[in-house]
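The values are calculated or read from the model by the stated rules, or taken from the named source; none is laboratory data. Keep in mind that this is a model prediction, so the values were computed, not measured. Counting neighbours? That spans all protein chains shown, and the Cβs are built from the backbone with ideal geometry, glycine included.
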Amino acid sequence: MTSSSIVTPIPTPIIQFNAVVVAYAHTICAFSAFIAALIVGVALHYDKIVQNAHYGYPDEWFPSVSATIGDRYPERSIFQILIALTSGPRFLLIFLCYLKLYKKNSIYNKIILIVGILRTVTCGGWVYITSTDDHDFHDIFMISYIVLTLPWTISITKLSPIGSSLKFGRIITAATFFGALGPLIYLFIQHKVHRVAGAYSYYAYIEWSLIFLDIAFDAWTIKDFKDIKIQLIPSENGSVLFEINSVPTPISTETTIETTNGFQNGNGTAVTEKISRSTQSVVKFGYFQFLVNVINSYMYWTITTSIFLCVWHFPLWHMGISGYEAVIMTLMSPVVLLSSTFRKFVTEKPQIPRLFSVIFGIGSYKIQDPANRLLLIAVATFFVVLALANEINYVNKFLQKNSLSVKFYSASFTVGLLASSVCKLAFKTNNPIWPIMHEANGGYNMLGLAIGLFGAFFTPRIQNDSQPAKIAKGKESAILTGLGLGALMFILSAILTDSSTIILWSWDGYPVHGPTPIPHGPITLLSMSIGIYLGLSNLEFVSTWKYFIIGNIGSIIMYLFSGWYGYFGGLIYTVFLCSIVPVIFIPASRLNPGLVFFIGYFVDMMLSLGHVWVVAYAFVPGGWLLRERTDILLLVTNLFLACGLIGYKLINKDDLQKEQEEEAAKSSLKLSDVVSKTLKILTILTAISAYISYKRFDTELPVPYHEEEKLFTAGIWTIHFGLDNDMWASEERMIDLIRDAELDIVGLLETDTQRLIMGNRDLTQNLGEKLGMYTDYGPGPNKHTWGCALLSKFPILNSTHHLLSSPVGELAPAIHATLDVYGEMVDVVVFHSGQEEDVEDRRLQALEIADIMGSSDKPMILLSYLVTDPLEGNYNTYVSDYTGMHDIDPTDWDRWCEYILFKKLKRIGYARISRSSITDTELQVGKFLLWDKEIDEQELYANERIEEEEVLEPFRFPSKFYGDGIRDHRFHVFDEPRYFA
């Protein structure tokens, strides 16, 4: 070791002050800018700044931040002058934080400097570009500022002294800040969507609180800067030197070198710093290799979810077992690893199965024929599952420089699942590289193919000189581990491949008493991130029976309750599932992959079929065994997960510890390093999901197509789960037709796509957002129906979900909703009756729907799938004096399924529009006016037809559907719409 000490005499400082002055200046300027604007605004323009789009004083009484600082003179100018004065102390504060909290080789130092500057710039953006100047840029800068606040607070807090009151204070301040975002979003929804009087004032309270919490977080530097002195010192040549004096905290290490660090104490003596130098060179965990594994994992989840989605197309069109279901047996491809020759080949060349899976799976979208496309996806599934089984095994069996252990591989695998869910959030629950997507419906298949090939090509391979470790011995069980592996793969696919699945498990209609996919989807993703972090950082805790019981309690709550209670249970279960991935993967990696993964994917396949049976019981052999028994499926899954936990506990912990120590000695990986960097990746993904949710949140209120005429158009359509005749996602084409038909209200049937076999999608999100409509998903995926949904340009005041009597066949779902139609309450019932074969079911369902319709004296529309001939049988139960309902066109003899019935409304017109190749059922539409009470009821329901020329132009159906129509949608059966006097 060497030691040096340099003493440099310096002249008397021109200016000398404690750095705490900078902290005070920043805090006072920032605080006074907002407070001064608030005081002046309230004094001069109170009524104007509390006024919003819906209410003014006294319904609203407290102004929002944006209204206070950006809308009026002089408060806007006062604020901008004071906030400009804050900029000098602000940049000094960032620089001093960087110096004060500096730690060698820490990325947090760079984040503080870079993010601090960017955050200051974005602050200037939303301060000086007000929402009235440019709403979009104001929002972009504001969102960027909030997003950058996360890495800023994390980095500052991370580098604060461990165990200090300073660190604790920063944690509490930051936690309060981000915790307040939840109620802020809730109150904004109450104001913007539900138009609750006073909600915006409560929103403003929290908004102002966030401002002061943000300032308070940086105000902790008052405590932090007390030991820093700033001096302006004249030099010998007459220039002025800027000096910052501090006494940095020494770093205790085994090997240190004393050196000067450029800081001087108050006596002018240079301060020495002990710098840690490890005697052993350690290569840090690389983001690149982790990224490759995440990409491969993303491809795994894309392919394995797409095979069920595409298989579903065939029994859907055959109305029963089609034979194509057999391709899911490709999930059991790891059985080929029982062959030592084949196993050696894929171990030495892991890129091969990855390349094949990407080429056949992601590239299959180029194949137009659905059957051939499915066969390619099956080939891809064979290789992608094989690749996973092989890689989990060899990262444990072989030790090599820069290799990932099973625990780290588990983290990257689950991060890939998280990335997939974040991507689906961005694309409104569709994976943009699924084989049901292409350029015309919003797919990014070529980009996905390029990224997938990149990941496959750089898949890490075993070095030629690597030696396999000893085969697992003792009591370790391939059967128990395989059961756990299969259950884990199934349940992750069933409920966590989309952020809105467990939300819709808890959905029970309007008024809203629980979470909604937007904006609460990111909370699901945050829970996944927490689970991944726990599994990586605290494996011993997540492998305890106590933790297992907590996770299972969460699944019970998720199943039994709706609203927030059910969702909170789902979040507990989410954290549990994501955290136990390494608990399952570690024993799986120690056993023969051909055996344990064959067992695992056989279990996965059987549980997945059970997931189909619970709802498709009327169409599958032995369906009655699991009819509506999701509870049994969930119980078996959790029991199998318990088997996997037992498999982990059967590992000899002494042997495991020894192996881990040997790996640590030979590997470049350090647990703390990987945990830290994985946490950063999770933080980035979670922040991205929050940003996506914010951008998707629609603040524009839906506007009916003919608001001036007080006219509304309603339709009914069976959409076949959003897959068209050629196995492409059909949402975009559906949106075009619904928009062209100018539908203000539409009932959609066969819509419950939040299932493993339908890709865990939510069609209502895409349709509702792009059409500008309120949506009700209807009975959720835990209600065992094929689904019905309601979309409306009018506010949905209340909705009740019904499961109608079905002693033999499939459950019949219904929505009974009350809408605010031009200021009058109108009831809408969306209903899907049972199958033709189940006569008694349909009779009982007709009686129950008749009771629902007969119990309401409000104007009503039934948008339905009745399975009856006009004027016969159950038709006369629906259309009767008891219900008060009337057929929109009793002379339309060519109906069997879809019907529109109404009462206490003025019927204007009725039309049938061809479906093209979107589905197997047409779109039926009707035009209505609110009932003028002066019109006699007998005249109201008279079936007098009139010519189109007698109908006012705004009341007519769009002319684009005449003749050949548009995009193969045209008036058919009658070749023209029908109008009524």
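Being touching a helix residue (DSSP H, G or I) at 6+ places or on another chain (Cβ under 7 Å) and either not in a loop (DSSP other than H, G, I, E, B) or not hydroxyl-bearing (Ser, Thr, Tyr) (or both) is a description that applies to residue 170. Each residue in the stretch 795-813 was checked for being in a loop (DSSP other than H, G, I, E, B), crowded, with 22+ Cβ neighbours inside 10 Å and of a type in the set (A, V, I, L, M, F, W, C), and 1 pass. Among the residues making up the stretch 155-164, those that are buried (at least 18 other Cβ atoms within 10 Å of the Cβ) and farther than 17 Å from residue 90 by Cβ are 157, 158, 159, 160. Kindly indicate whether any position in the stretch 523-538 is in contact with a helix residue (DSSP H, G or I) (Cβ under 7 Å, 6 or more places away or on another chain), within 30 Å of residue 817 (Cα to Cα), outside the structural domain of residue 773 (by TED's automatic domain parsing) and not aliphatic (A, V, I, L, M). Looking through the stretch 523-538, at least one residue is in contact with a helix residue (DSSP H, G or I) (Cβ under 7 Å, 6 or more places away or on another chain), within 30 Å of residue 817 (Cα to Cα), outside the structural domain of residue 773 (by TED's automatic domain parsing) and not aliphatic (A, V, I, L, M).
Among all residues of the stretch 584-592, there is at least one that is closer than 30 Å to residue 344 by Cα, outside the structural domain of residue 836 (by TED's automatic domain parsing), among the polar types (S, T, N, Q) and assigned to a helix (DSSP H, G or I). In the stretch 37-57, the residues that are over 23 Å from residue 83 (Cα atoms) reach residues that are charged (D, E, K, R) and at pLDDT 85 or above with C-beta atoms within less than 8 angstrom, at least six apart or across chains, in these pairs: 51/60; 52/60.
Note on the stretch 487-549: enclosed helices (runs of 4 or more DSSP H) holding 3 or more residues that are over 19 Å from the mean Cα position of the chain (by Cα) are 517-537, 539-542. Inspection of the stretch 515-526 finds no residue satisfying the criterion of being touching a residue at least 12 places away in the same chain (Cβ under 8 Å), under 21 Å from residue 484 (Cβ atoms) and buried (at least 21 other Cβ atoms within 10 Å of the Cβ). For the stretch 725-747, a tally of residues being buried (at least 22 other Cβ atoms within 10 Å of the Cβ) and out of contact with any helix residue (DSSP H, G or I) (no Cβ under 9 Å at 6 or more places or on another chain) returns 4. If the condition is being modelled with pLDDT of 90 or more, under 20 Å from residue 714 (Cβ atoms), among the hydroxyl-bearing types (Ser, Thr, Tyr) and out of contact with any Gly (no Cβ under 6 Å at 6 or more places or on another chain), then the stretch 909-958 contributes 914, 919, 921.
For the stretch 392-414, the candidate set comprises residues that are among the β-branched types (Val, Ile, Thr) and either surrounded by fewer than 24 Cβ atoms within 10 Å (Cβ to Cβ) or in contact with a Ser or Thr (Cβ under 7 Å, 6 or more places away or on another chain) (or both); within that set, the residue that is modelled with the lowest pLDDT is 395.
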